[in-house]
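Chemist: Quick one: structure below, then a few questions.
The values are calculated or read from the model by the stated rules, or taken from the named source; none is laboratory data. The model shown is predicted, which means the values in this text are computed figures rather than measured ones. Note: ideal-geometry Cβ built from the backbone for every residue, glycine included; neighbour counts use all protein chains shown.
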Amino acid sequence: MSRDKIGVDQWVEQYDQRVSRRAGIQGFIENTSRRLPVWGWLIVMVVFGSLLPVITANTFTIRIAGNIALMGILALGLNVVVGYAGLLDLGFIAFYGIGAYAYAYLSSDFTGIHLPTWITLIIILVLSTLFGLLLGSPSLRLIGDYLAIVTLGFGQMFVQLTTSLTRVDLPGRSKPVDLTGGPNGILNLDPLSIFGFKATTVVHYYLIFLVVFAIAILVIYHLYKSRVGRAWRALREDELATEAMGMPTRRLKLQAFAIGAAFAGFSGALFAAWQG
């Protein structure tokens with residue numbers, strides 16, 4: 001005579017048996033999905049995603065798919081801050097803009113600087129991380145709505161600065177200097193050029209975004225499974241209990257802000273290169 005386990009839902013416990021009994025395509029997909037590791041699914045995603053330019057030559061469709069991959073990278077960074085660490089960051093999109101403007105400064109005629117793409121992206125990663133630490137530092141003692149107000153103010157301040165810093169008086173300059181291009185932005189940015197390959201078409205950018213998206217998922221997955229990821233989830237559930245258990249809550253918050261900002265800045269740089 002079998003007895004039900006205390007604290008275990010019987011329907012949930014029998015899930016494996018129900019899946020194994022399923023036949024046809026649905027059963028095959030579910031059984032395969034349980035065996036494949038995360039990197040296996042990412043390979044499948046990239047392979048099937050790369051077939052899109054073969055299926056259709058419509059650049060509008062491919063551009064939409066590229067935007068989805070780009071927004072996916074941005075969402076992964078936001079998920080670190082809000083989803084894992086539980087920090088309500090309403091100004092997160094500002095890091096996306098910081099990455100885009102940094103790319104414009106380092107790879108365009110606007111400043112006359114044309115760094116190699118890989119150097120530009122590394123600099124943007126470091127710069128975005130520093131801005132994440134800069135925003136996270138004064139926010140360490142804030143929680144809930146108060147943190148949301150501070151981060152929202154940071155996002156609004158960034159928008160106002162980028163649209164108004166068109167006539168700035170700098171020391172040693174007799175005329176005002178345009179720092180951001182105002183509402184029109186900065187034009188004629190360098191395309192992505194990595195290891196001799198230059199992205200010139202929508203298909204090129206879509207494939208690059210797809211691969212970067214897959215790599216970003218893999219990085220976030222390992223972060224989620226790491227000690228830091230478990231500590232973030234504990235911080236999200238109860239900050240006071242997390243601190244009482246001896247975890248460095250201040251450092252965990254700064255790490256979440258910095259890593260999330262790095263993802264956002266990197267995706268912003270890719271966006272700027274794509275838009276030109």
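Chemist: Within the set of pairs 6 or more residues apart or between chains, which connect a residue that is within 21 Å of Ile93 (Cβ to Cβ) inside segment 158-180 to a residue that is among the small types (Gly, Ala, Ser) with Cβ atoms less than 7 Å apart?
Modeler: Close Cβ pairs (under 7 Å, with a partner that is among the small types (Gly, Ala, Ser)) amount to Phe158/Ala94; Phe158/Gly97; Thr162/Gly97; Thr163/Gly182.
Chemist: Could you check segment 220-244 and list, in sequence order, the residues that are of a type outside the set (D, E, K, R) and touching a residue at least 24 places away in the same chain (Cβ under 8 Å)? Working first, answer last.
Modeler: From segment 220-244, those of a type outside the set (D, E, K, R) are 220-224, 226, 228-229, 231-232, 234-235, 240-242, 244; that's our starting set.
Ile220, Tyr221, Leu223, Tyr224, Val228, Gly229, Trp232, Leu235, listed by residue number.
Chemist: Taking the residues in segment 196-219 that are aromatic (Phe, Trp, Tyr) and in contact (Cβ under 8 Å) with a residue 24 or more places away in the chain as candidates, determine which candidate is surrounded by the most Cβ atoms within 10 Å (Cβ to Cβ). Walk me through it before giving the result.
Modeler: Just the residues of segment 196-219 that are aromatic (Phe, Trp, Tyr), to begin with: 197, 205-206, 209, 213.
After this cut, where a residue has to be in contact (Cβ under 8 Å) with a residue 24 or more places away in the chain as well, the list is 205-206, 209, 213.
On the way: Tyr205: 23, Tyr206: 27, Phe209: 25, Phe213: 24.
Ranking the qualifying residues of segment 196-219, first place goes to Tyr206.
Chemist: For segment 74-129: of the residues being touching a Lys or Arg at 6+ places or on another chain (Cβ under 7 Å) and not in a helix (DSSP H, G or I), which is farthest from Leu152 (Cα to Cα)?
Modeler: Within segment 74-129, the first condition is being touching a Lys or Arg at 6+ places or on another chain (Cβ under 7 Å), and the residues that meet it are 84-87.
Retained after the next criterion (residues that are not in a helix (DSSP H, G or I)): 85-87.
On the way: Ala85: 18, Gly86: 16, Leu87: 12 Å.
Here the answer is Ala85.
Chemist: Where residues in segment 201-252 are hydroxyl-bearing (Ser, Thr, Tyr) and closer than 25 Å to Phe48 by Cβ, which of them is farthest from the chain's Cα centre (by Cα)?
Modeler: Just the residues of segment 201-252 that are hydroxyl-bearing (Ser, Thr, Tyr), to begin with: 201, 205-206, 221, 224, 226, 242, 249.
The next check asks that each one be closer than 25 Å to Phe48 by Cβ; those that pass are 201, 205-206, 221, 224.
On the way: Thr201: 23, Tyr205: 17, Tyr206: 16, Tyr221: 13, Tyr224: 14 Å.
The extreme case among them is Thr201.
Chemist: Among the residues of segment 54-73, write down those that are in a loop (DSSP other than H, G, I, E, B) and touching a helix residue (DSSP H, G or I) at 6+ places or on another chain (Cβ under 8 Å).
Modeler: Here is the first cut: in segment 54-73, the ones in a loop (DSSP other than H, G, I, E, B) are 56-58.
The one that is in a loop (DSSP other than H, G, I, E, B) and touching a helix residue (DSSP H, G or I) at 6+ places or on another chain (Cβ under 8 Å): Thr56.
Chemist: Select from segment 107-145 the residues that are over 16 Å from the mean Cα position of the chain (by Cα) and of a type in the set (Gly, Ala, Ser) and list them in ascending order.
Modeler: Across segment 107-145, the qualifying residues are Ser107, Ser108, Gly112, Gly136, Ser137, Ser139, Gly144.
Chemist: Okay, next question. Please verify whether Gly99 is buried (at least 19 other Cβ atoms within 10 Å of the Cβ) and touching a residue at least 24 places away in the same chain (Cβ under 8 Å), treating the condition exactly as stated.
Modeler: Working: buried (at least 19 other Cβ atoms within 10 Å of the Cβ): yes; touching a residue at least 24 places away in the same chain (Cβ under 8 Å): yes.
So Gly99 fits the description; yes.
Chemist: Condition test on Thr180, is it within 27 Å of Ile123 (Cβ to Cβ) and surrounded by fewer than 17 Cβ atoms within 10 Å (Cβ to Cβ)? First the steps, then the outcome.
Modeler: Details: within 27 Å of Ile123 (Cβ to Cβ): yes; surrounded by fewer than 17 Cβ atoms within 10 Å (Cβ to Cβ): no.
Taking the combined requirement at face value, the residue does not satisfy it.
Chemist: So how many residues does segment 193-246 have that are within 30 Å of Ile62 (Cα to Cα) and of a type in the set (Lys, Arg)?
Modeler: Matching residues across segment 193-246 total 1.
Chemist: Then there is this: Could you please tell me which pairs satisfy a Cβ distance under 6 Å, a separation of 6+ or placement on different chains, a first residue in segment 34-46 that is surrounded by 13 or more Cβ atoms within 10 Å (Cβ to Cβ) and among the small types (Gly, Ala, Ser), and a second residue that is at pLDDT below 75 and in a loop (DSSP other than H, G, I, E, B)?
Modeler: none
Chemist: Specify which of the listed residues (Leu134, Leu125) is more than 21 Å from Val202 (Cβ to Cβ) and in contact with a helix residue (DSSP H, G or I) (Cβ under 7 Å, 6 or more places away or on another chain). Outline the logic, then answer.
Modeler: Values: Leu134 fails: in contact with a helix residue (DSSP H, G or I) (Cβ under 7 Å, 6 or more places away or on another chain).
Just a single option satisfies the conditions, and that option is Leu125.
Chemist: Additional query: Quick one: in segment 152-169, of everything that is of a type in the set (Val, Ile, Thr) and either under 23 Å from the mean Cα position of the chain (by Cα) or assigned to a helix (DSSP H, G or I) (or both), which residue is surrounded by the most Cβ atoms within 10 Å (Cβ to Cβ)?
Modeler: As a first pass, look at segment 152-169 and keep what is of a type in the set (Val, Ile, Thr): 159, 162-163, 166, 168.
With either under 23 Å from the mean Cα position of the chain (by Cα) or assigned to a helix (DSSP H, G or I) (or both) added as a condition, the list becomes 159, 162-163.
Values: Val159: 13, Thr162: 20, Thr163: 14.
Among those residues, the one meeting the criterion is Thr162.
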